[in-house]
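Everything below concerns the one structure shown next.
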Amino acid sequence: MTESQSSSGPCAQGESYLATAATMPSEGTWKRERVRTQTLIEDSKASSLLGLIHETFVRAVLRRNRIGRLLALCPLLLSVHCLASWILGVSAISDLRPDDYSQNGVTLLTADNFEDFITSHKYVLVQFYAPWCGHCKQFRTEYIKAAQKLQERDPPIPFGVVDATVDTKLAELYGVRGYPTLKFFVSGKDMEYAGGRMWDNIVAWVDKKSGPILVHLKTAEEVNVFFDAKAKDATPSGSSAAIGGGIVVAFCDDPEKIETLEDVGVTFDDIFFGLAPNSLLRQVVDDATIARGQAVVDAESSVKNLPSVKITDGDVVYMRYPFDEGAAVAPIVTPDAISIKGQEEYWERVGDDIRFFIAVYSMPNVNVFTGENAALLFNDPRPMLVYFRDEGRGALASESHKDGIVTQQQLIEDSLHQLAVKYKQDFVVVLAGAEQPMDMRLMDYVSVDYEDLPCIRIVKDPTDGMVKYKLPIQLPDTESEDSDLNYLNNALAVTPSKIEDFCEDFLDARAAPHLKSQHAPSQNTRDQGQVFTLVGEEFLDTLKSSDVLVKFYAPWCGHCKKLEPLYRDLAAKYNVPDSTVLIAKFDATANDLPLEVEEVIQGYPTLKLYRRNDPEYHSVHYVGDRNLDTMIQFVEQYRSKDTDSPSEDAAAQEATKDEL
């Protein structure tokens, strides 16, 4: 949930959880349970990866009896605590001022000085904030104290702040969706801050990222000891295949390559890095592993595999991964000549290649989707190839095999293990179920319905302009109300050969994206003072004729429901005859945005204003207070200026501090 969605009040979820404890659902069909649970998840947490963890707790409570009733009291107590904190603390603090930071050693950043600031220092931490944001007010003291501590380092590590309500383009450029958002810059390249919010947490995290990244290893014995010592740390507790990890040693002597490797290493939290002379390679890595040459780090080459003769004497990145005791080698191939002008760009691309290599080989070939690995899978640079199946009904489709009766589900899973090896650098292969809360959230996120199971989807860029692809299958002409029969038909239609063809079509750009859309309501008027219902298939056409304020929402979202009366009042003002502004709502759980609209909706409700006939479909993100006057002022400031608005008053034309 972004700060803009919570800035108008404290946490208030205890009532829904308490109701859950009092009326535990009995065992019923999967669908009924899903409907019950969705009505109880009344905030936008479920729209983000962090929300997956939160929703897991909610659904776990639903599956308990006495223990569940007891656990359900915990969020109520937390809500009371949040309410008290909000009343006694945040609400009494005035809006943040630039002087609050600049007088305490933190640099004020704007579009004018931002680029110079992040490129003139090797390490920089930047906070994007909103002056009215309660979390930012609470965080200010911790951020300043951390900045002062890190000013004592040699060299000092500078801190900066950006008022995201003023420098909105900077905030959009760096994907700021909530406040405060922290970005750590290394040689001008940004990464997400992933530490705690107390000053000592910040200092420890920055020290780790700015300290020595590569452990220097001088002998073969030191290299082997390094691998053995780090192997336990790289293997997660429990199932070793649950999440990624690994140990990387670069056998390299080139100073430019070493500097590139240091920049790469700082971007990984779960990988250990070592550096050894190239001459030690054959004392540590066997010829068979070298001969495989599983990847090539060469920004100028499209070749993925090289014969051993070409990598015998070159610099390589050698990686061991713990989940199957495997290893991979990436030769770093340098062109004979690099122009002075192109050197910096070339080494940036080589760094990206090394990051890709490490990300690919730090994950198992086939991954079972869980709460532990969700973030890693979503941030993997490869598209996800996901097999959704209902394990409880996996035996419905089976056939005779030399080893006995084998289910279609097992055949598909076996084939996916083979395809995962073949397409190692092209896809991250994922197995997902249909019963666990995390699986259900993934189904919702990629638009898979229960009636679609089992099915295959390819998901490209799941965290940044997601595009989905659906395995085309041929089903019987007759539909049945028997869900088991539908499942059987789907299962028989999904075959290993079709999956492989699907992968090839995707890689050759022959697969068409799968976009979901509702049908527009028959009584969907634009000029009767009612909120207009916008659907996926009509999105672009609607933007041609009007400036459109779109509320992206989820039907189960409590914050969306609270906004409805205010949003209806806004529609009553603008959705009238001859108006060029349209107030619309868009169910983001039932519709996909057209590919031309490059938006990432990470929280509900999200409000965005689109100007009519903008060929790039740019939008302005609303993050102000939730009151009618402020929302009107936002619309008036950012609407197209070539026509007058209906019945507008002078106050609605004035800009305010909360316009964004």
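Between the amide H of R382 and any residue lying 5 or more places away or on another chain, no distance stays under 5 Å, with hydrogens modeled in the peptide plane. For the stretch 126-238, the relative contact order works out to 29 percent when only alpha carbon pairs closer than 8 Å and six or more residues apart are counted.
Per-residue 3J(HN,Hα) values for the stretch 380-393, derived from phi via the Karplus relation 6.51 cos²θ - 1.76 cosθ + 1.60 with θ = phi - 60°, read 4, x, 8, x, 8, 9, 10, 9, 8, 8, 9, 4, x, 10 Hz in sequence order (x marks Gly and Pro).
In order along the stretch 195-206, phi translates into HN-Hα couplings of x, x, 10, 8, 4, 6, 5, 5, 4, 5, 5, 5 Hz, rounded to whole numbers, per the Karplus curve 6.51 cos²θ - 1.76 cosθ + 1.60 with θ = phi - 60° and x for Gly and Pro.
For the peptides 412-419, 448-455, 549-556, the ranking by mean Cβ contacts within 10 Å, running from highest to lowest, is 549-556, 448-455, 412-419.
Please say if the stretch 556-638 is rounded, prolate or oblate, where rounded means a/c under 1.5 for a ≥ b ≥ c the square roots of the C-alpha gyration tensor eigenvalues, and otherwise the choice is prolate for a/b larger than b/c and oblate otherwise? It comes out oblate by the Cα gyration axes.
Annotation: amide H-H contacts under 5 Å for M466 (H modelled 1.01 Å from N, sequence separation of 5 or more, or interchain): none. Count Lys and Arg as plus one, Asp and Glu as minus one, and take only other residues whose Cβ is under 10 Å from that of G536; the net charge is then -3.
The 3J(HN,Hα) values that the Karplus relation (6.51, -1.76, 1.60; θ = phi - 60°) gives for the stretch 567-572 are, in residue order, 5, 5, 5, 5, 5, 4 Hz. Gly and Pro appear as x. Quick check: the distance between the Cα centres of the stretch 91-123 and the stretch 495-530, to the nearest angstrom? Centre-to-centre distance over Cα atoms comes out at 43 Å.
Pairs of lysines in the stretch 135-225 whose Cα atoms sit within less than 30 Å of one another amount to 25, provided the residues are eight or more positions apart or on different chains. Classified by the C-alpha gyration tensor, the stretch 162-212 has an oblate form. Its axis ratio a/c, with a ≥ b ≥ c, is 1.5 or above, and a/b does not exceed b/c.
Give the shape of the stretch 366-507 as rounded, prolate or oblate, defined through the alpha-carbon gyration tensor: a ≥ b ≥ c are the square roots of its eigenvalues, a/c under 1.5 means rounded, and otherwise the shape is prolate if a/b is larger than b/c and oblate if not. Here the stretch 366-507 falls in the prolate category.
Just so you know, all these numbers are worked out from the coordinates, no wet-lab data involved. Everything quoted here is computed from the prediction, not taken from an experiment. Glycine also receives a Cβ, built like all others from the backbone with ideal geometry; neighbour counts cover every protein chain displayed.
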